[in-house]
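Reviewing the structure listed below.
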Amino acid sequence: STAAFGANPPVSILAGTQPDVLAADMIDTDTSSGFATRIMFVPGSGKGPNPWPDEVDDRALWAHWQTLRHNITSYSDGEYIPVNRTPEVVKLWEDFYTTPRGETPMERTMSQRHQVMVLKVALIFAISDCSRTIEYEHLQRAIQWIDWSWGCVRQLMGGWATSDDNRLRERIVTVLTKSGPIKRRDLQRKVK
C-alpha cells in the first residue's frame with residue numbers, strides 16, 4: 001500500500017522449508033556470493049503431525065493487526081526513525097558491532113550482515129511500539145533475536161554444500177565459468 005509505505009514499498013519474501021531440503025539446495029556460492037547472507041533465517045522446531053492444531057483467535061489477530069496498522073500509518077512518508085544514542089544504547093551497539101562473529105571463513109561470511117539485520121529488526125520493534133526512536137529495549141531484543149537465529153544457522157550450516165551432488169554442481173559451475181560452453185565429454189573429464 002503506497003499510503004502506508006510511500007512510493008518505494010519494502011519487499012519481503014517469506015518461505016518455509018525443511019532443513020534437509022535447504023541443505024541439499026545450498027551450495028558454496030550461496031554463501032560466498034552473499035545470497036544466503038541476506039536471508040534472515042528463522043528456524044522452527046519440528047513437532048511432528050498435529051491433526052488438531054490450536055484454533056486461531058480471529059478477534060485477537062484482527063485487533064493486533066489493527067494496532068500494527070495504526071502504528072505504521074502514524075508515521076509520515078519518509079520519516080526517519082533514529083537510534084536513541086543514550087550511553088547504554090551506544091555501549092550495547094558498539095559491543096555487538098565489534099564482537100567477531102564466526103569461527104570459520106564460511107561462518108564469518110554468513111554473519112557479515114548481522115549488524116544490518118539487527119537494525120532492521122530493532123526498527124520493526126520500534127514501529128510496533130509506535131516509538132519515534134529505536135530505544136535500548138528494541139535494540140536489545142533485536143540482538144537477542146539475531147543471536148538466537150545465528151545459533152540455529154550455525155548448526156544448519158554443517159550440512160550445507162557438503163553433499164556429493166552439491167560438490168559436483170559446484171565443480172561443474174566452476175569449470176563452465178572458466179571455460180565457457182564445452183562438450184559433455186570434455187566437461188566430464190574436467191569435472192572428474
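The values are calculated or read from the model by the stated rules, or taken from the named source; none is laboratory data. Keep in mind that what you see is a predicted model, and the values were worked out from it rather than measured. Cβ: placed from backbone, ideal geometry, glycine included. Neighbour counts: every protein chain shown. With ligands, DNA and RNA removed, areas are computed over all heavy atoms of the protein, side chains included. Shrake-Rupley method; radii C 1.70, N 1.55, O 1.52, S 1.80 Å.
Here are Gln144, Gln140, Gln115: which of them is farther than 28 Å from Arg69 by Cβ and either part of a helix (DSSP H, G or I) or open to solvent by 60 Å² or more (accessible area, probe 1.4 Å) (or both)?
None of the others qualify; the one that does is Gln115.
In this structure, does Tyr75 turn out to be aromatic (Phe, Trp, Tyr) and under 21 Å from Arg141 (Cα atoms)?
Spelling it out, it is not the case that Tyr75 is aromatic (Phe, Trp, Tyr) and under 21 Å from Arg141 (Cα atoms).
If you go through segment 132-154 one residue at a time, how many are under 15 Å from Ala36 (Cβ atoms) and out of contact with any His (no Cβ under 8 Å at 6 or more places or on another chain)?
So the answer is 4.
Hey, can you tell me all the residues within segment 74-114 that are at positive phi and in contact (Cβ under 8 Å) with a residue 60 or more places away in the chain?
Gly78
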